[in-house]
Amino acid sequence: MYEEEQRPDHGPLAGFTVGVTAARRADELGVLLQRRGAAVLHAPALRIVPLADDSELLAATKDIVQQAPDIVVATTAIGFRGWVEAADGWALGEDLLSRLGGVRILARGPKVKGAVRAAGLTEEWSPSSESMAEVLDRLLEEGVEGQRIAIQLHGEPLPGFVEALREGGAEVVGVPVYRWMPPEDLGPVDRLLDATVARGLDAVTFTSAPAAASLLSRAEERGLLPEVLAALSHDVVPACVGPVTALPLQSRGIDTIQPERFRLGPLVQLLCQELPGRARALPIAGHRVEIRGHAVLVDGALKPVPPAGMSLLRALSRRPGWVVARAELLRALPGSGRDEHAVETAMARLRTALGTPKLIQTVVKRGYRLALDPATETKYADT
């Protein structure tokens, strides 16, 4: 877990906890989230097989050196650079670049274009949308009958892409520049799954389809898949960097949020809009109280609250202004047993954390209630 940066002015994600499943660029994403106030739980759902150790890539490289393709489709910058570096390590670098220098190269986006040009090559075309669907449309419109097309695979499936080209009469050579494998240490993934089920997370981010598929697969192995899917459907926001990444979740009936531009920065900005928009704000005892994942904003001031206190506060906020019995609050406490004294202890700590004791009123022999402002009592009476 990353440590939350302590800032006098909290960011838009203060009080929220976000899970990061990325293996690659996880540090970059974590820092972006922390700078905006989030607590981050990192659990890489995959590991990447080093390129130079991948016999499939070596075989594909030799195949292309021996018989040049007509077209090469480059899909990721890191993958293209890694391919050239791995070929150098096998003493095939010059031969590979010589072959690629005489073929048509289509680059999926600007970063890939940069990698192609850094290798001394020039792309013929790149879609402005950075979409593989647009690449496929262009190839099929031109006609691929009899064409030998090499596609730089990037560890995740390209749904229908290869099949459509083959149906169009092309010979397709897959270039697996890196492969995803399950993580060697499943502990962080299991902790993230447990936190998801317990609603200890407010959102989980996904930057690749294999990471999403791997997380769901691990949940299924542990018998947690129904609970994880329920959490992602209602309480924990699944945030994907793009539509391909979202496919494993969507196939399970999970709706995701995605930025318009498939980048880490826009993904974080989307969370900065989405999570605060879901937080419940109530007028209580003359204060504006906004209940977030692991903290509360009281008149804009961030108040970290222990997990037991957050459980009580959520139980009270479901019926703001109404008395909630101690027995009901006890059931809301995680692992508290049958002693209602646990409610009093957690309530005392909650009031201390909020710094404004009058927000929660004790109703003698009955329980506790949020001191909802009188003008809003009617509004929340039927909630």
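Computed values, structure above
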{"item": "Asp202 over 14 Å from the mean Cα position of the chain (by Cα) and touching a residue at least 24 places away in the same chain (Cβ under 8 Å)", "result": "no"}
{"item": "Candidates Gly93, Gly79, filtered to the one that is out of contact with any helix residue (DSSP H, G or I) (no Cβ under 8 Å at 6 or more places or on another chain) and open to solvent by less than 30 Å² (accessible area, probe 1.4 Å)", "result": "Gly79"}
{"item": "Which listed residue is loosely packed, with under 14 Cβ neighbours inside 10 Å, within 24 Å of Asp373 (Cα to Cα) and out of contact with any His (no Cβ under 8 Å at 6 or more places or on another chain), from Gly300, Gly335, Gly309", "result": "Gly300"}
{"item": "Residues located in region 238-251, provided they are in a loop (DSSP other than H, G, I, E, B) and surrounded by 14 or more Cβ atoms within 10 Å (Cβ to Cβ)", "result": "Val241, Gly242"}
{"item": "Among residues of region 116-146, those that are over 31 Å from the mean Cα position of the chain (by Cα), touching a residue at least 24 places away in the same chain (Cβ under 8 Å), farther than 21 Å from Val244 by Cβ and surrounded by fewer than 16 Cβ atoms within 10 Å (Cβ to Cβ), counted", "result": "3"}
{"item": "Yes/no for Trp90 being more than 30 Å from Leu302 (Cβ to Cβ), under 28 Å from the mean Cα position of the chain (by Cα) and of a type in the set (A, V, I, L, M, F, W, C)", "result": "no"}
{"item": "Qualifying positions in region 95-130 - of a type outside the set (Gly, Ala, Ser) and on the phi > 0 side of the Ramachandran plot", "result": "Glu130"}
{"item": "Subset of region 158-183 (residues that are open to solvent by 70 Å² or more (accessible area, probe 1.4 Å), in contact with a strand residue (DSSP E or B) (Cβ under 6 Å, 6 or more places away or on another chain) and without any contact (Cβ under 8 Å) to a residue 24 or more places away in the chain)", "result": "Arg166"}
{"item": "Residue in region 268-282 that is surrounded by the fewest Cβ atoms within 10 Å (Cβ to Cβ), counting only those that are farther than 22 Å from Ala308 by Cα and not charged (D, E, K, R)", "result": "Gly277"}
{"item": "Selection count where residues are assigned to a helix (DSSP H, G or I), of a type in the set (A, V, I, L, M) and open to solvent by less than 50 Å² (accessible area, probe 1.4 Å), scope region 32-70", "result": "8"}
{"item": "Cross-chain or 6+ apart pairs with Cβ under 6 Å, region 319-340 first and in contact (Cβ under 8 Å) with a residue 12 or more places away in the chain, then assigned to a helix (DSSP H, G or I) and open to solvent by 40 Å² or more (accessible area, probe 1.4 Å)", "result": "Glu340/Arg326"}
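The values are calculated or read from the model by the stated rules, or taken from the named source; none is laboratory data. All values derive from a computational prediction rather than experimental measurement. Reconstructed Cβ throughout: ideal geometry from the backbone, glycine too, with neighbour counts over all protein chains shown. Surface accessibility is based on the protein's heavy atoms, side chains included, excluding ligands, DNA and RNA. Shrake-Rupley method; radii C 1.70, N 1.55, O 1.52, S 1.80 Å.
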